[in-house]
Amino acid sequence: MTTVGGVAGSVPATPQSAALSKPPWHRRAADSIRRNEEAGWRSVAWVAVLLPLAALVFAITVLAIKAWPAVRLNGWYFLYGRTWTDGHGAYAATVTTDGVKHIQGAQFGAWAIIWGTLASSIIAIVIAVPLSLGAAFALTERMPTWISRPLGFTVEILAGIPSVVIGLWGILTFGPWLANNVYPVIADNMPDVPLLRYFGNPHGSGEGLLTAGIVLALMIVPIIASTTRDLFAQVPPLPKEGASALGMTDWEVANKVTLPWVRSGIIGASVLGLGRALGETIAVAMIGGAIQQIPHTIYQPFTTAAAAILTQLDGAQTDGTGFYVATLAELALVLAVISVGVNLVARIIVNRTSRVAAPLGGA
Amino acid sequence: MNTLVAAPAARRRRATTQVWRALTYLALVLIMAPAAWLLIGVVARAWSHWRWSVLWTQLTPTGGGLRDQILGTLILMVAVLVVAGTIGVMAGIHLAEFTRKGKLSGWVSAPLRTASDVLSGFPSIVLGYVGFTALVVGLGWRLSLLPAVIILSIMVIPYIAKTTENSLRQVPTGYREGADALGMSAGYSLRKVVLKTALPGIVTGLLLALAIACGETAPLLYTAGFSNTLPHSLTQSQFPYLTYVVFTFYNDPSVQKHYLAYDAALILVVIVMLLLVASRIIVARTQRYSESARTAATRRPFGRFRNDPSLAALPVPDLGPGFENLPTS
């Protein structure tokens, strides 16, 4: 009777035998673990899922606390001012204004930095979006899988290459090549009219805004191109085939059927790329020259918020009052707000695309 | 792929479409050429003076090798894998499996996901600044391994959580129902059925997160610092890694250091390539055996026709092995 439950190790034959033979302790322990396994998973997962939120709150709190004196003292000047100086050197007097200690003469207006951040990202987006769209079309619509797959993998590799390596290539190989072969041609042929004057001489050494913009474009192409490629693959073939059966050319099918179908997805991917370009640090710091100025031509050195934090944080610590470091925290806060905002907008657009019907026939 | 044979078109329309085609190919070339140039350039620059001893000699003030920097990068990767991998995968499991509508978990899942998205949009240098002020200065640690690992982990956790959640959601409902029908407890079926099925996707996400982690420079400069040799302390002494070598040595006066910068760039590229190829192999292998490869061809259409039953019922042509990924057209 008792052997049934014990030896066979399965369900006891009758209720009585279950009562008679209590399973050995290790089996009871195993049973209890098995019963409570889910609770274990759940509790650990609960803790883990709260950690990103905690990290986010932590990061924002640290930045806000650190930046508060700078926000108070710099005021709005921070956003439009053009003078950026930590005062009259390390030996200058320390003064207190509005309860904030700083070196006498310190004045931080970040307009050149904000300008550089926006300008380089816009250049990158302007170059990257058409290239990604064209390449995604070529890959999905016109090429057999045995060609498009390795090419797609190359784009993926491009996404994975560390930005410091891209920066190295940009500053040693690509920038000088552009400065020797491309920029002179553009600069020498530019008419001296407003706006276009910006593309004129001097064309510099390849270390500057345009080179950084082009390299940034190269870095965000993988994001935009791979998303666009996936979107194109999701357009059902029937409307496209119907369109070409009606006599539409390739261009018309692309323009009238495929693109409207995925338009907001592409916008979302582009904004996502923009977010990446805004926050890119190392490559821009290496290629952009990290000189804080609004360049007179598009070829000259400049800096971005991320690059400025990177290159100045070390020196900022010589300011014993901590005001310079606080100002960099304010810069970090502004950068974080901009790029997080851009990212959220992109995600909202992308999420909406996957819900709302595609605008076919000009709906 | 879709060879679209146009009906007789006016000359202008034909010209437009020819220009359009040419432009798409041009765009492809304009992306591929710099990509190839970049890869070949990095390899060529390093290869012309490559010596294998770089891999096993220590860095000295005048030259030497990169042994400790390579080890440092690998240690960083392993530490990030352990810390961010655990937290990220568990967070992904929570978001995919344990959220229930109407319960607390359902209510908070949307803000938690948003927090994760926001965090992934944070510029890396901003996180580096936070690590520097809060951990290195605030907690009284010095530039060292631990703050670097914490900041890198915060960077990649949202990424891992997202890929984990997505791959868990792709586990067929039939698997879960089958596990339930066999009387498995929820935890057991999660471990033995659901996670096992989603594992390739999770591992792919982990590998890509590692690729991000090993290539980061900006947050490490102000959390890990740099040193020539591996330290003995977790929180008190600066830590060596490869990206710093690239970032700083390329404009050093000494030629030896230039060479080391190129070498470090080459090693980084090789590490990233290995990770990418590994993730590719995993994806390819699992697609060969899973049924998702076959269902991928009938992926639910996008947008207006999403719920059109006539499209969902389209027959999948079964052409046998080797043709699984053929489009349904």
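Phi angles across the range A:144-154 convert, under the Karplus curve 6.51 cos²θ - 1.76 cosθ + 1.60 with θ = phi - 60°, into 3J(HN,Hα) values of x, 4, 5, 8, 5, 5, x, 5, x, 5, 4 Hz, Gly and Pro given as x.
A helix-only calculation puts the protein assembly as shown at -21000 deg cm²/dmol for mean residue ellipticity at 222 nm, using -39500 (n - 2.57) for each DSSP H run of at least four residues, averaged over all residues. Of all lysines in the structure, those lying under 23 Å Cα to Cα from A:LYS66, and not within fewer than 8 positions of it along the same chain, are A:LYS101. Using every pair of distinct Cα positions in chain A, the Kirkwood expression returns a hydrodynamic radius of 25.1 angstrom.
The charge dipole of the protein assembly as shown, taken about the Cα centre with unit charges on the Cβ atoms of Lys, Arg (+1) and Asp, Glu (-1), comes to about 1900 debye, rounded to the nearest 20. Two decimals is fine: what's Rg over Rh for the range A:85-147, C-alpha atoms, Kirkwood radius as Rh? Rounded to two decimals, Rg over Rh is 1.51.
Using a simple spin-label model with pseudo-atoms 7 Å out from Cα toward Cβ, B:THR248 and B:ASN228 lie 1.2 nm apart.
The range A:153-229 and the range B:12-72 have their alpha-carbon centroids 15 Å apart. Prolate is the label for the range A:118-225. Its Cα gyration tensor axes, ordered a ≥ b ≥ c, give a/c of at least 1.5 and a/b above b/c. Binning all Cα-Cα separations of the range A:136-294 at 5 Å, short to long from zero, yields these whole-percent fractions: 2, 8, 14, 14, 14, 13, 13, 11, 7, 4, 1, 0. Rounded to whole numbers, the Karplus 3J(HN,Hα) couplings from phi for the range B:214-219 are 6, x, 6, 10, 4, x Hz, using 6.51 cos²θ - 1.76 cosθ + 1.60 with θ = phi - 60°, and x at Gly and Pro. Here B:LYS162 is the anchor, and the lysines within straight C-alpha reach of less than 25 Å, apart from those fewer than 8 places off in the same chain, are B:LYS101, B:LYS103, B:LYS192, B:LYS196. With 5 Å bins beginning at zero, the pair-distance distribution over Cα atoms of the range A:203-332 amounts to 2, 10, 14, 13, 12, 11, 9, 8, 7, 5, 4, 2, 1, 1, 0 %. For the protein assembly as shown, the carbon plus sulfur part of the accessible surface works out to 65%, probe radius 1.4 Å.
Evaluate E = 1/(1 + (r/R0)^6) for B:ARG142 and A:ASN255, where r is the Cβ-Cβ distance and R0 equals 51 Å; express this FRET efficiency to the nearest 0.05. List each step's numbers first, then the result.
Details: r = 59 Å, r/R0 = 1.15.
According to the calculation, E is roughly 0.30.
In terms of accessible area, using a 1.4 Å probe and ignoring ligands and nucleic acids, A:TRP84, A:TRP111, A:TRP177, A:TRP261 rank largest first as A:TRP177, A:TRP111, A:TRP84, A:TRP261.
Mean per-residue shielding of peptide A:304-312 is 4, counting Cβ atoms of other chains within 10 Å of each Cβ.
Think of the protein assembly as shown as having a plus end and a minus end, set by charges on the Cβ of Lys, Arg, Asp and Glu; of A:PRO184, B:PRO158, A:PHE232, A:PHE232 sits farthest toward the positive end of this dipole. Over the range B:31-138, the reciprocal of the mean inverse Cα-Cα separation, the Kirkwood hydrodynamic radius, stands at 18.7 Å.
In sequence order, the range B:270-284 has phi-based couplings of 4, 4, 4, 4, 4, 4, 5, 5, 4, 5, 4, 4, 4, 4, 4 Hz under the Karplus curve 6.51 cos²θ - 1.76 cosθ + 1.60, θ = phi - 60°, and Gly or Pro positions carry x. Legend: residues in the range B:205-226 shielded by at least 20 square angstrom of accessible surface upon adding the remaining protein chains to the isolated chain (1.4 Å probe, heavy atoms) are B:GLY215, B:THR217, B:ALA218, B:TYR222. Take the accessible area of chain B alone and of chain A alone, subtract that of the pair, and you get about 9200 Å² summed over both chains, using a 1.4 Å probe. Across peptide A:184-190, the average count of Cβ atoms from other chains found within 10 Å of a residue's Cβ is 0. Partner lysines whose Cα lies under 19 Å from the Cα of A:LYS240, excluding those fewer than 8 positions away in the same chain, are identified as A:LYS256. In terms of Cα atoms, the Rg and Dmax of the range A:36-177 work out to 24.7, 71 Å. For the segment B:110-119, counting C-beta atoms of other chains within 10 Å of every residue's C-beta and taking the mean gives 6.
Suppose all protein chains stay in the model; what accessible area per residue would a 1.4 Å probe give for the range B:1-97, in Å²?
The answer is 52 Å² per residue.
Considering every pair of different Cα atoms, what Kirkwood radius, in Å, is found for the protein assembly as shown? Please list the in-between numbers first.
On the way: mean 1/r = 0.0358 Å⁻¹.
Answer for the protein assembly as shown: a Kirkwood hydrodynamic radius of 27.9 Å.
Close amide H contacts of A:LYS101 (hydrogens built in the peptide plane, cut-off under 5 Å, sequence separation of 5 or more or a different chain): none are found.
The values are calculated or read from the model by the stated rules, or taken from the named source; none is laboratory data. No experiment lies behind these values; they were computed from the predicted model shown. Note: ideal-geometry Cβ built from the backbone for every residue, glycine included; neighbour counts use all protein chains shown. These area figures cover heavy atoms from the full protein model, side chains too; ligands, DNA and RNA do not enter into them. Shrake-Rupley method; radii C 1.70, N 1.55, O 1.52, S 1.80 Å.
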